Amino acid sequence: MPKDTLTITDNRTGKAYELPIEDGTIKAMDLRQIKVADDDFGLMAYDPAFLNTAACRSAITFIDGDKGILRYRGYPIEQLAEQASFLEVAYLLCEGELPNKAQLDKWEDQVRYHTYVHTNVIKFLEGFRYDAHPMGMLLGAVGALSTFYPDAKDLEDPTCRYLQRIRLVAKVPTLAAFAFRHSRGLPYEFPRNDLGYIANFVNMTFSIGGKHQPNPVLQRALEILLILHADHEQNCSTSAVRAVGSSQVDPFSAVSAGIAALYGPLHGGANEAVLRMLAEIGDKKNIPSFIEQVKQGHGRLMGFGHRVYKSYDPRAKLIKKVAYDVFQQTGLNPKLEIALELEKIALEDEYFIKRKLYPNVDFYSGIIYQAMGYPTDYFTVLFALGRLPGWIAQWEEMLRDKDTKIARPRQIYTGYDERPFVPMAKR
Ligand code: CMC
């Protein structure tokens, strides 16, 4: 009968250790018993980017990167993107099950009730420079919400945590829309509670003089994009939310840490980087030389590659379909042609095949956002709007997990051994 254990022989001492295996995992702390001497600290695992380290147990999102599978709470992303609303998906992620009609009605009502932000928020948003990056504004504004809701610090109370979830889902679109208006020098448009979640957000960004002609196809396309981004298990920004949240700070501060992580070009900023790359390529004829440069290590093909997906990102497949719906409404974007050709060439190239580099979620999302009228530096804000329910769900799960402790990795010290202080005159 095979045993669920791992036997390790330490060749430094000749001693053997038997470690339990649970869920295909050994506990890193079990390595600490492996010592050369009694006063030895014990063996550690070195994994700077968490390439092979499970930092938590989670029941929220399942990904099989080799097969290109993504499921939220067991439901395939394809079905959710086709049939669910964004608020329904947000409920599913945060509360654990699909809502029934009464639950969804209540959730929508509560979100609608909390869409307004304190008017002082407007005052500090006005302090940002006219050209402030909207993602920087969003990160500051969401963090600042913690000062408006000091009650959010009561992490022990599930009713209080529920209220903060509602507040975040309700207010982040308002802040995101204000950041958009700020960068265009437009007056802020306040939430309209007679509109649905997506319609209200679109109205707050595009309404001029209180008027906006909604386009249901574009609104549904935006909703699908948000659903596709809603969670992606332990990615960089979610890990940031969990790590910061593990200090038991309030959820607004924890989520603003997630926004900060998402801001980076290797994470959410990639959709922005894709557009800049397509603009730099400029014409289909320049694609081969661009690819050659990438292969020689000068830059990356943005929107390609993923830490987890080693086949086509299922979200990218769905987004490509959305792109066609959107372009039927808005007319063809010349950048789409360059993107399609770039994808075709890259997918046939040995360099990309060998490294299993396929288009990821960001390859097409930026072109769609642009066609919808959003400026390039706003794309990551849209990603943040989508990812928000995932961050909140993971934060809640982290708090409920009895294994949670403050995140505190170890290090391998590579600096000097002790040395005496050198007075200024002798340096
Ligand atoms: N273009 C060219 N080469 C690449 C790319 C790329 N986009 N991505 C990876 N490689 C190469 C890399 O140079 C390395 O080659 P070699 O083995 O010869 O050194 C190999 O592929 C493995 O790369 P890696 O950096 O070890 O892979 P990673 O898992 O650490 O990186 C990634 C994942 C997403 C950061 C990376 O693929 C990348 O930088 N992609 C471009 C940025 C991007 O599109 N990011 C959005 C990710 S999806 C949205 C999200 O979840 O945030």
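The values are calculated or read from the model by the stated rules, or taken from the named source; none is laboratory data. Quick caveat: nothing in here was measured; it's all calculated off a predicted structure. When we count neighbours, we look across all protein chains shown, and the Cβ atoms used for this are built from the backbone with ideal geometry, even at glycine. Areas reflect the complete protein model, heavy atoms only, side chains present, ligands, DNA and RNA absent. Shrake-Rupley method; radii C 1.70, N 1.55, O 1.52, S 1.80 Å.
Taking R0 as 25 Å, what FRET efficiency do you get between L332 and E78 from their Cβ-Cβ distance, rounded to the nearest 0.05?
On the way: r = 25 Å, r/R0 = 1.02.
Plugging the Cβ-Cβ distance into 1/(1 + (r/R0)^6) gives 0.45.
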Practice task
Hand me the GluC sites (Glu not before Pro) from segment 1-105 located in a DSSP loop with no more than 16 other Cβ atoms within 10 Å, in residue order please.
Solution key: E97
Fill in the blank from the handout: For K15, the residues 5 or more places away or on another chain with a placed amide H closer than 5 Å to its own amide H are D10
Fill in the blank from the handout: Asserting the computed 222 nm helical MRE of the chain (DSSP H runs at least 4 long, -39500 (n - 2.57) per run, divided by residue count, to nearest 500) equals -16000 deg cm²/dmol
Practice task
Report the label-to-label distance for K317 and I345 in nanometres (one decimal), using points 7 Å from each Cα along the Cα→Cβ vector.
Solution key: 2.6 nm
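Largest first, how would H298, H306, H118 line up by accessible area (1.4 Å probe)?
Working: H298 120, H306 50, H118 90 Å².
Putting H298, H306, H118 in descending order of accessible area: H298, H118, H306.
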Practice task
Excluding residues fewer than 8 places away in the same chain, name every one of the lysines whose C-alpha is closer than 25 Å to that of K153.
Solution key: K106, K123, K171, K402, K405
Handout entry: With Cα atoms, 0 to 90° folded angle of helix 216-229 axis to the chain main axis
Key = 10 degrees
Practice task
Could you state how much accessible area T238 has, in square angstrom rounded to the nearest 10, with a 1.4 Å probe and all protein chains kept in place?
Solution key: 0 Å²
Practice task
Could you state the angle between the C-alpha long axis of helix 158-184 and the longest principal axis of the C-alpha atoms of the chain, as a value from 0 to 90 degrees rounded to the nearest 10?
Solution key: 60 degrees
Problem - Modelled label reach - A59, point 7 Å along Cα→Cβ, segment 1-23 residues with backbone N closer than 20 Å - result: 22-23
Handout entry: Heavy atoms of F148: accessible area, 1.4 Å probe, square angstrom to 10
Key = 50 Å²
Problem - V322, V217, ranked by accessible area, largest first (probe 1.4 Å) - result: V217, V322
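For the chain, what is the accessible area per residue in Å², given a 1.4 Å probe and the full set of protein chains? Show your work: numbers first, answer last.
Details: 22090 Å² over 427 residues.
Accessible area per residue, the chain: 52 Å².
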Completion exercise
For segment 168-234 (alpha-carbon point model, no solvent) the Debye-based log₁₀ I(q)/I(0) at q = 0.12, 0.13, 0.25 Å⁻¹ works out to -0.32, -0.38, -1.19
Handout entry: Compactness of the chain, expressed as Rg and Dmax over alpha-carbon positions, Å
Key = 24.0, 79
Practice task
Could you work out how far apart the two model spin labels at D131 and T147 are, taking each label as a point 7 Å from the Cα in the direction of the beta carbon, and quote it in nm?
Solution key: 2.7 nm
Problem - Placed amide H near Y358: partners under 5 Å, 5+ positions off or other chain - result: G305, H306
Completion exercise
The FRET efficiency for C160 and T13, from their Cβ-Cβ distance with R0 = 60 Å and rounded to 0.05, is 0.70
Practice task
Treat segment 1-159 as a sphere of radius equal to its Kirkwood radius over Cα pairs and apply Stokes-Einstein at 20 °C in a medium of 1.002 mPa s; give the translational diffusion coefficient in µm²/s, rounded to a whole number.
Solution key: 99 µm²/s
Exercise for the section: Using R₀ = 45 Å, calculate the FRET efficiency as 1/(1 + (r/R₀)^6) where r is the Cβ-Cβ separation of K35 and K67; round to 0.05. Expected result: 0.65
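How do K15, K285 stack up against each other in accessible area, from largest to smallest, with a 1.4 angstrom probe? Each step should come with its number before you reach the end.
Numbers: K15 115, K285 155 Å².
Most to least solvent-accessible, the answer reads K285, K15.
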Practice task
Would you list, by chain and number, the lysines whose Cα falls below 30 Å from the Cα of K284, excluding same-chain residues fewer than 8 positions away?
Solution key: K295, K310, K317, K320, K321, K335, K344, K354, K356
Exercise for the section: Multiply the residue gap between R300 and I353 by 0.36 nm, knock off their C-alpha separation, and tell me the result in nm, one decimal place. Expected result: 17.6 nm
Practice task
Compare L51, L336, L382 in a GNM of the chain, Cα atoms joined below 10 Å, and give the one with the largest fluctuation.
Solution key: L51
Fill in the blank from the handout: Taking Cα atoms only, helix 101-113 is inclined relative to the longest principal axis of the chain by an angle, in degrees rounded to 10, of 80 degrees
Exercise for the section: Might you work out the accessible area of T330 for me, using a 1.4 Å probe with all protein chains in place, and round it to the nearest 10 Å²? Expected result: 60 Å²
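Of all accessible surface on the chain at a 1.4 Å probe, what whole percent is carbon and sulfur? Don't skip to the answer; put the middle values down first.
Values: 11880 of 22090 Å².
The computed percentage sits at 54.
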Handout entry: Charge sum, other residues only, whose C-beta stays under 14 Å from R276's C-beta, Lys/Arg counted +1 and Asp/Glu -1
Key = -2
